[in-house]
1. Do we find a residue being crowded, with 16+ Cβ neighbours inside 10 Å, touching a strand residue (DSSP E or B) at 6+ places or on another chain (Cβ under 8 Å), modelled with pLDDT of 95 or more and not in a loop (DSSP other than H, G, I, E, B) anywhere in region 77-86?
2. Has region 110-123 got any residue that is assigned to a helix (DSSP H, G or I), aromatic (Phe, Trp, Tyr), at pLDDT 95 or above and closer than 24 Å to Ala35 by Cα?
3. Could you check region 24-48 and list, in sequence order, the residues that are without any contact (Cβ under 8 Å) to a residue 12 or more places away in the chain and in a loop (DSSP other than H, G, I, E, B)?
4. Where residues in region 32-55 are over 10 Å from the mean Cα position of the chain (by Cα) and of a type in the set (A, V, I, L, M, F, W, C), which of them is surrounded by the fewest Cβ atoms within 10 Å (Cβ to Cβ)?
5. If a residue has to be of a type in the set (S, T, N, Q), buried (at least 18 other Cβ atoms within 10 Å of the Cβ) and within 16 Å of Glu27 (Cβ to Cβ) to count, how many in region 87-135 make the cut?
6. Can you pull out the residues in region 49-76 that are in a loop (DSSP other than H, G, I, E, B), in contact (Cβ under 8 Å) with a residue 12 or more places away in the chain and within 22 Å of Ile116 (Cβ to Cβ)?
7. Could you check region 86-126 and list, in sequence order, the residues that are under 15 Å from Ala57 (Cα atoms), within 12 Å of the chain's Cα centre (by Cα) and without any contact (Cβ under 8 Å) to a residue 60 or more places away in the chain?
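The values are calculated or read from the model by the stated rules, or taken from the named source; none is laboratory data. Remember, predicted model here, so these are calculated numbers, not experimental data. Here Cβ is always computed from backbone atoms with ideal geometry, including for glycine, and neighbour counts include all displayed protein chains.
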Amino acid sequence: MFNPYNTLFLIKIFLMAEHNDLGKEGEDLVAQFLADKGYKILARNWRYGKDELDIVAETDSHVVFVEVKTRSNIIYGEPEEAVTKKKQRFLIRAASAYIEKNNCTKEARFDIISVILPSQPVHINHIEDAFYPTL
């Protein structure tokens, strides 16, 4: 028997899978983008409780915590606009745990990298020092 709610549920699962695929593709592109710029990738999708750091990278002078935001269009605004103050607090908390667990001695930096897919060429916007931890 046809149940429209089951159909809607399956559509929702499909769209979520597409969304997750888009996010992973964006993170893969950003990891390569950073490596090409000379960054050393230390971790990807590092978790602390419910918080997650998309990419942890290193330069000569910094450990860089990178939040990747990937979108298929900019109808609802630029991807980086989705990194709210609340999200920043979660990232800072996870970064603090990462620093403590890994005995990092370099200065920390928080970057946001937004990706628009599929666009040709791929649009990547790297915002260094996108925000600062507050006391």
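1. no
2. no
3. Across region 24-48, the qualifying residue is only Lys37.
4. Top of the filtered list is Ala35.
5. Count: 1.
6. Residues satisfying the conditions are Ser72, Asn73, Ile74.
7. Listed by number, the residues that qualify are Leu91, Phe110, Asp111, Ile112.
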